[in-house]
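What follows is one structure encoded as structure tokens, with my remarks underneath.
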Amino acid sequence: MKTLKDHVVLFDAECPMCSVYTKAFVKTGMLDNDGRSAYQHAAENTCPVYDRQRAVNEIALINLKSGEVTYGIKSLFKIIGNAFPLFTPLFAFKPFIWLMSKVYAFISYNRRVIIPPTKGEANFTYQPTFKRHYRMAYLLFTWFFTGFILTAYAHLLTGLVPLGNAYREYMICGGQIIFQGAVMSFWERRQTWTYLGNMMTISFAGSLLLLIPLAINHWFKLGSEVYALCFMGVAGLMFLEHIRRTQLLNLGWVPTITWVAYRIILLALILNLH
């Protein structure tokens, strides 16, 4: 594997994802041992001409010899393409570059609601730019896949919970986005989009955990009570994660109380209507 020498990649120290994959670049030898640095700690003379705000939004790769700077997906392509020349033609294919740049932006502009920072964000002058269309795309993405998985899981609970129509879980999940959005507009309006992104990450992560009992069901047909216990266990983990994230956002208990109340009320309605 060829090392990209005399380059340094600037990553977000408050983003666990960014820290992990840039550290992997160094450990695998794709970058030198000193080939990564947090932009929060980067020296002013690292490169006097790079766009600091853009480097916060899109990971910056600086050529220490020439001063050339690349951003975002092109930085990753440059590192990976140098290590694996086989991919160079693909990384030069414009439709692929366009597609992957959109995927990269989708993740990058939502990275702090996918995995929230555990440190205060006020210590650094530059913060990631909020782009509403990418946050809305993220909410739609997580809503669709959460609804899809929950619709499949509902069939495992038919002995305890009545099976609704094909759109019930989508409506419940979408309704919670609207309901919690309304709560946040009164409680802490400026954090509405941040909270909704975190909330849907929790829902999406919970639905992914439910894929385990769904997979088990293909080999072992267990009773609906077992699958209900699995669902309750996942719901408990989601509840704890909701508390953790709202504490990080300094939102208090109101969003958690309304989040739980919404689900309890809907479950009661479903059971009473059948």
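Could you tell me what percent of the DSSP beta bridges with both partners in the chain are antiparallel, to the nearest 5?
In the chain, DSSP labels about 65 percent of beta bridges as antiparallel.
Tally up the carbon and sulfur contribution to the accessible surface of segment 49-96 as a whole percent, 1.4 Å probe, everything protein left in place.
After summing per-atom areas, the C and S share lands at 66 percent.
How much length would be gained if the chain were fully extended between Tyr126 and Lys221, taking 0.36 nm per residue of separation minus their Cα-Cα distance, in nm to one decimal?
28.9 nm
Show me 5-13, 170-178, 217-225 ranked by packing, highest mean number of other Cβ atoms within 10 Å first.
My ranking of the peptides, most packed first, is 5-13, 170-178, 217-225.
Using alpha carbons only, what's the Rg to Rh ratio of segment 1-101 with Rh from Kirkwood?
Looking at segment 1-101, the ratio lands at 0.94.
Where a Cα-Cα gap under 19 Å defines reach, which lysines qualify for Lys2, not counting those fewer than 8 residues away within the same chain?
Partners within reach: Lys23, Lys27, Lys65, Lys74, Lys78.
On a 0 to 90° scale, report how tilted helix 254-273 is relative to the longest principal axis of the chain, with both axes built from alpha carbons and the result rounded to the nearest 10.
Helix 254-273 sits roughly 40 degrees off the main axis of the chain.
Under 10 Å from the Cβ of Ala137, count the other residues' Cβ atoms, weight Lys and Arg +1, Asp and Glu -1, and hand me the total.
Residues near Ala137 contribute +4 overall.
Hey, what do the phi angles of segment 136-152 turn into as Karplus ³J(HN,Hα) couplings, whole Hz, using 6.51/-1.76/1.60 and θ = phi - 60°, x for Gly and Pro?
4, 4, 5, 5, 5, 4, 5, 4, 5, 6, 5, x, 5, 5, 5, 5, 5
Please give the per residue accessible area of segment 92-199, computed with a probe of 1.4 Å over protein heavy atoms only, in Å².
With the other protein chains kept in place, segment 92-199 gives 57 Å² per residue.
What's the local net charge at Val69, with K and R +1, D and E -1, over the other residues with C-beta under 14 Å away?
Residues near Val69 contribute +1 overall.
Gain in length, Phe141 to Phe186, computed as 0.36 nm per residue apart minus the alpha-carbon separation, to one decimal in nm?
Length difference between fully extended and current span is 13.6 nm.
Using alpha carbons only, how many degrees (0 to 90, rounded to 10) separate the axis of helix 73-83 from the longest principal axis of the chain?
The angle comes out near 70 degrees.
If the elastic network links every pair of Cα atoms under 10 Å, which of Thr256, Thr129, Thr194 fluctuates the most in the Gaussian network model of the chain?
Thr129
Give me Rg/Rg_expected for segment 174-237, where Rg uses Cα atoms only and Rg_expected = 2.2 N^0.38 Å with N residues.
1.47
So what are the ³J(HN,Hα) numbers for segment 173-179, from phi and the Karplus equation (6.51, -1.76, 1.60; θ = phi - 60°), rounded to whole Hz, Gly and Pro as x?
5, x, x, 5, 4, 5, 5
FRET efficiency for Ala92 and Met17, Cβ-Cβ distance as r, R0 = 35 Å, nearest 0.05?
Rounded to the nearest 0.05, the efficiency is 0.85.
Mean residue ellipticity at 222 nm from the helices of the chain, using -39,500 (n - 2.57) per DSSP H segment of n ≥ 4 over the full residue count, to the nearest 500 deg cm²/dmol?
-19000 deg cm²/dmol
If I stretch the segment between Ile264 and Leu157 completely, what's the gain in nm (0.36 nm per residue apart, minus their alpha carbon distance), one decimal?
36.9 nm
Starting from one equal scatterer on each C-alpha and no solvent at all, send me the Debye-based log10 I(q)/I(0) for segment 144-200 at q = 0.19, 0.26 Å⁻¹, two decimals.
-0.70, -0.95
Report ³J(HN,Hα) in whole Hz for each residue of segment 109-118, in order, from the Karplus equation J = 6.51 cos²θ - 1.76 cosθ + 1.60 where θ = phi - 60°; Gly and Pro get x.
Result, rounded to whole Hz: 6, 10, 4, 7, 9, 6, 10, x, x, 9.
Measure off, as a whole percent, the carbon and sulfur share of the 1.4 Å-probe accessible area of segment 196-274, all protein chains present.
The computed percentage sits at 77.
Could you give the alpha-carbon Rg of the chain over 2.2 N^0.38 Å, rounded to two decimals?
1.19
May I ask for the net charge around Phe84, where only other residues with Cβ less than 13 Å from the Cβ of Phe84 are counted and Lys, Arg are +1 while Asp, Glu are -1?
+2
Just name one of Gly233, Leu214, Pro95: the one whose Cα is farthest towards the positive end of the charge dipole of the chain (beta-carbon charges, Lys/Arg +1, Asp/Glu -1).
My answer, from the dipole projection, is Pro95.
The values are calculated or read from the model by the stated rules, or taken from the named source; none is laboratory data. Worth saying up front: this structure is predicted, and the values here are computed from it rather than measured. Quick reminder, even Gly has a Cβ in these numbers, built from the backbone with ideal geometry, and neighbours come from all protein chains shown. Quick note on the areas: whole protein, heavy atoms, side chains included, nothing else; ligands and nucleic acids left out. Shrake-Rupley method; radii C 1.70, N 1.55, O 1.52, S 1.80 Å.
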